[in-house]
Amino acid sequence: MGQGACTCIGNSLGANNPKLARRFLSVLSKLSAAISIIQVIFNISLRHTLTNLLVEDDHIAKVTANILILQQILGIFDLG
């Protein structure tokens, strides 16, 4: 999504249309934030189910579920 955003904004700036570039930036930033929030909510709400699908040991599944919370919280700040 980042490459598509850069392409749209770059093409708009190359066409000497900074208003359209600002609009692309605004829309794509909001869309990216919304997708990230949905992903975080999904992963945190299903963390036990996801870890139990991958790990059979209950202790390791609990630890992995707790680490998944931290990963998702830190992932909010990953804008790449």
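Mind checking which residues of the stretch 66-80 are within 24 Å of Gln3 (Cβ to Cβ) and loosely packed, with under 12 Cβ neighbours inside 10 Å? Leu74, Phe77, Asp78, Leu79, Gly80 - these are the residues of the stretch 66-80 that are within 24 Å of Gln3 (Cβ to Cβ) and loosely packed, with under 12 Cβ neighbours inside 10 Å.
Among the residues making up the stretch 1-55, those that are closer than 15 Å to Ile73 by Cα and surrounded by 12 or more Cβ atoms within 10 Å (Cβ to Cβ) are Ala33, Ser36, Gln39, Val40, Phe42, Asn43, Ile44, Leu46, Arg47.
The combined condition, being over 17 Å from Asp78 (Cα atoms), free of Cβ contacts under 8 Å to residues at least 12 places away in the same chain, surrounded by 12 or more Cβ atoms within 10 Å (Cβ to Cβ) and over 24 Å from the mean Cα position of the chain (by Cα), is not fulfilled by Val63.
Coordinate-derived values only; no laboratory data. Please read all numbers here as calculations on a predicted model, not as lab measurements. All Cβ positions, glycine included, derive from the backbone under ideal geometry; neighbour counts span all protein chains shown.
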